[in-house]
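Working notes, structure below.
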Amino acid sequence: MSVPFLLASSGIAAVAAILVYALIGVAIGWLDRHARAEPNARSSHATPTAQGGGAIVVPVALAVAGVALAVGASAPAGGMTYAAIIGVLALALALIGFVDDMRSLDVVSRLVAQLIAVGIAVAMLPAEVRVLPPAVPLALERLITIVCGLWFVNLVNFMDGIDLISVVETVAVTLGIVLLAAFGVVSVAYGYVAVALLGAMVGFSPWNAPRARLFLGDAGSIPIGFLLAVLLIHVAGANALAAAVILPLYYLADASVTLLRRLFRGEKLWEAHREHFYQQATRNGFAVPEVVGRIAVLNAALIALAVGSALHGTAWAGAALAIAAAAVGLTLRAFAGGRS
């Protein structure tokens with residue numbers, strides 16, 4: 001394990017956290033006046049709340065990551081040009097999301113923007129970055145990666161429905177990537193990006209803790225989903241596909257199972273609803289801190305399983321994936337069943 005990298009990561013996270021916390025303190029009054037989330041029948045909040053916090057979280061995370069990459073003289077696969085383009089795409093999604101937070105945009109325009117961003121990110125991947133086995137043709141793999149990336153961006157947005165849930169999930173996934181970088185599984189460049197995003201979300205967390213004074217909004221959930229998707233693609237491309245699946249497995253399972261249920265019932269998939277398992281939990285007697293606390297404990301186990309799967313070979317990867325799936329399934333069942 002690289003101790004110098006972990007020490008540098010601690011400083012990067014601290015800088016990002018302090019900047020985000022301070023800038024939100026300056027901007028929250030303006031956000032409360034111009035970008036409010038009004039409660040409705042499908043909301044998990046009961047009072048009007050400022051949103052658009054992602055307009056601060058995402059630029060700070062990208063700026064701190066950029067400085068860390070430059071100072072650390074570490075470039076990801078594809079070089080600094082690739083990293084810069086990913087950053088510009090994330091900023092564009094944050095801008096579109098912020099406009100949506102202030103005045104709702106139509107579904108098609110948002111989806112097209114996300115498809116363009118994910119498509120460019122995947123198209124620019126170096127040929128040596130392979131997510132699936134070599135037997136799968138590269139063109140087919142890239143198409144599958146775009147579809148999965150687009151779904152991931154949207155599920156992160158769908159799952160951002162109660163206080164702190166996106167903080168807990170993003171911190172868990174990025175912490176897992178930082179540990180993978182420390183163990184040499186993935187490039188330290190991805191570790192720098194991950195830890196900058198981790199720190200930015202930690203700085204956001206006091207403003208989002210129950211009862212939240214500020215939401216991420218689409219300005220945060222969509223570009224953060226995009227950045228996490230890109231990072232996880234590179235984790236998978238480092239012969240750690242199981243780790244890339246295990247780290248966000250709670251979000252993947254909750255959103256995907258909910259989507260399939262709605263699909264089978266013939267419901268419109270793009271309409272807002274309160275059917276996710278974490279939302280069922282709050283209706284079934286769990287307080288919000290209990291829900292996010294359980295997800296945090298689950299994610300700690302998923303991090304350990306993901307790192308283990310990357311370090312101990314194919315046999316352990318399969319076992320880790322099975323254990324992770326069982327743990328996530330038990331959590332979903334507990335949320336759906338409620339308190340006994």
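Values in this text are rule-based calculations from the coordinates and carry no lab data. If you're wondering where the values come from, they're calculated on a predicted model, not measured in any experiment. For neighbour counting, all protein chains shown are included, and Cβ atoms are generated from backbone atoms with ideal geometry for every residue, glycine included.
Residues with amide H under 5 Å of A37's amide H, sequence separation 5 or more or different chain, H placed in the peptide plane at 1.01 Å from N; which? The answer is T49, A50, Q51. Each principal axis of the Cα atoms in region 3-239 has its own extent, and those three values, largest first, are 52, 41, 25 angstrom. Note on the chain: with a GNM built from Cα contacts shorter than 10 Å, the maximum mean-square fluctuation among H276, H312, H34 falls on H312.
Residues considered: W207, W316, W30. Largest GNM mean-square fluctuation over the chain, using C-alpha springs under 10 Å, is found at W30. V328 sits among other residues whose Cβ lies under 14 Å from its own Cβ, and their net charge, with Lys and Arg +1 and Asp and Glu -1, is 0.
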